[in-house]
Amino acid sequence: MLKDKKIPELLVPANNLNILKYAVNYGADAVYVGGKEFNLRSIRGNFTIGELEEGVCYAHKHGVKLYFTLNSIVYDNELAAFRKYLNKLKGVNLDGIIVSDFGAMELVKEILPDKRIHISTQTNTNNRLGVNFFKKLGASRVNLAREINFSDLKNIINGTNAEIEIFIHGALCISYSGRCMLSKYMTGRDANRGECAHSCRWKYYLMEEKRPNLFFPVDQYKRGTYIYNSRDLCLLPELKLLVDAGVDAFKIEGRMKTENYVSLTTWVYRRALDYIAQNKFADQKISYLTRELDKCSHRNFTSGFMFLKDRSELEDNDNVGYIKKYKFIGIYHDFSNKYNGPVINVKNQFKVGEVIDILQPYKNPKKFMVRKMISVSDNTEIGCANPNDIVIIPNIGNLNLYSIFRIKI
């Protein structure tokens with residue numbers, strides 16, 4: 001069952017219509033999104049049915065696919081509501097539905113029989129028999145468990161004709177492929193229902209049973225103790241091996257992330273896949289792209305279970321707090337002919353005299369020293385821009401509508 005080598009689909013997350021447009025313009029082959037119900041990122045954001053229709057039109061206009069995530073566990077008393085929700089999707093030209101619940105899958109097959117079904121990583125599929133089981137049930141694609149190793153991945157690919165999708169970048173969960181109950185135990189918010197409180201990221205203390213309210217610090221390192229805090233997955237250095245193995249789709253995690261994260265990770269992995277297609281994915285290119293990934297805040301990177309020889313890296317949680325080398329300061333809003341520069345919607349504070357780093361689709365990052373700044377509200381010159389300000393930076397010239405602005409910290 002060996003598959004022909006090809007460049008895998010780059011699958012990118014979006015939490016709203018605006019971020020979807022950034023994903024599309026930075027080179028995604030497909031975007032996955034969620035609605036207001038029945039998905040694992042339901043705390044904020046997500047798409048109304050109207051926004052979903054608009055998102056599909058925008059994606060398809062640019063030759064990009066759109067997959068809809070319905071991977072929440074569905075309780076028996078919610079089946080009628082789930083059926084009703086699926087009926088609302090009948091008129092939406094989605095390219096696929098992502099599910100993890102078997103009952104949800106049955107209803108998708110019944111109500112949306114023309115839609116491709118993709119199996120979520122939440123099913124913890126670890127072997128080719130599991131993949132083929134889902135294929136027999138009508139699934140087109142399976143996102144494998146993040147705990148498998150590279151040898152097993154190759155065996156699975158060679159043992160099935162279903163499409164194989166894997167995560168290549170983003171947050172990891174301390175529990176098995178995301179099936180975690182820690183949040184529900186501690187806060188009542190169920191991670192398997194899209195309500196995760198991220199209890200694994202909290203700082204913890206030790207309390208002895210007979211000494212209530214006397215808390216002993218569990219010193220891990222100077223910034224605190226994060227005993228459950230996992231590293232972030234980054235398979236960029238191993239990307240060519242994964243391409244050669246025949247993976248069909250590479251998925252980036254992050255449906256709660258900003259325009260900055262989605263744009264940068266899409267830009268990096270799009271360029272990496274283009275280099276692979278051109279036989280130019282050498283160590284120098286990998287180092288360059290890894291440095292670019294560092295411009296977005298992240299935890300220490302790991303190659304996860306896929307390539308690690310032992311688990312020591314995953315067990316060592318020292319210094320796994322966020323690494324922040326650059327600050328996301330704004331997005332493109334408009335262009336000022338008068339000042340020959342972009343109008344920027346400010347996200348975080350920056351000042352005159354600082355060097356901004358500008359990311360644009362399909363271009364190398366551009367640096368520019370801010371020598372002057374104009375406030376749009378009163379057309380006065382200012383020295384400092386604050387969140388929610390609209391400012392002009394003169395003399396940069398024309399930039400892409402989806403430009404991202406950052407400064408080094």
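The values are calculated or read from the model by the stated rules, or taken from the named source; none is laboratory data. This is a predicted model, so every value here is computed, not measured. No Cβ is skipped: glycine too gets one built from the backbone with ideal geometry, and neighbour counts run over all protein chains shown.
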Checklist entry - For the range 388-409, which residues satisfy the criterion of being crowded, with 16+ Cβ neighbours inside 10 Å and among the β-branched types (Val, Ile, Thr)? => result Ile390, Val391, Ile392, Ile393, Ile396, Ile404, Ile407
Checklist entry - Of the numbered conditions (1) assigned to a loop (DSSP other than H, G, I, E, B); (2) within 13 Å of Ala28 (Cβ to Cβ), Val247 satisfies every one except a single condition; which is it? => result (2)
Item to check | Boolean, Leu107 is under 28 Å from Ala59 (Cα atoms), outside any loop (DSSP other than H, G, I, E, B) and of a type in the set (A, V, I, L, M) | outcome: yes
Checklist entry - Is it the case that some residue within the range 62-74 is in a loop (DSSP other than H, G, I, E, B) and in contact with a strand residue (DSSP E or B) (Cβ under 7 Å, 6 or more places away or on another chain)? => result yes
Item to check | Members of the range 28-55 found to be in a loop (DSSP other than H, G, I, E, B) and touching a Phe, Trp or Tyr at 6+ places or on another chain (Cβ under 7 Å), listed by number | outcome: Glu37, Phe38
Checklist entry - How many of the residues in the range 107-134 are among the basic types (Lys, Arg) and crowded, with 19+ Cβ neighbours inside 10 Å? => result 2
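Every residue, every condition in (1) closer than 30 Å to Arg146 by Cβ; (2) modelled with pLDDT under 95; (3) surrounded by fewer than 19 Cβ atoms within 10 Å (Cβ to Cβ), yes or no:
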| residue | (1), (2), (3) |
| --- | --- |
| Asn317 | yes, yes, no |
| His333 | no, no, yes |
| Lys351 | no, no, yes |
| Ile374 | no, no, no |
| Thr380 | no, no, yes |
Item to check | Evaluation of Cys296 against (1) buried (at least 19 other Cβ atoms within 10 Å of the Cβ); (2) modelled with pLDDT under 95; (3) in contact with a Lys or Arg (Cβ under 8 Å, 6 or more places away or on another chain) (one fails), failing number | outcome: (3)
Checklist entry - Which strands (runs of 3 or more DSSP E) sit wholly inside the range 333-391 and have at least 1 residues that are among the polar types (S, T, N, Q) and farther than 30 Å from Val24 by Cβ? => result none
Item to check | Selected residue [modelled with pLDDT under 95 and buried (at least 19 other Cβ atoms within 10 Å of the Cβ)] from Val74, Val64, Val99 | outcome: Val74
Next on the checklist: With touching a Ser or Thr at 6+ places or on another chain (Cβ under 7 Å), more than 19 Å from Phe167 (Cα to Cα) and not in a loop (DSSP other than H, G, I, E, B) as the only criterion, which of Tyr58, Tyr22 stands out?
Outcome noted: Tyr22
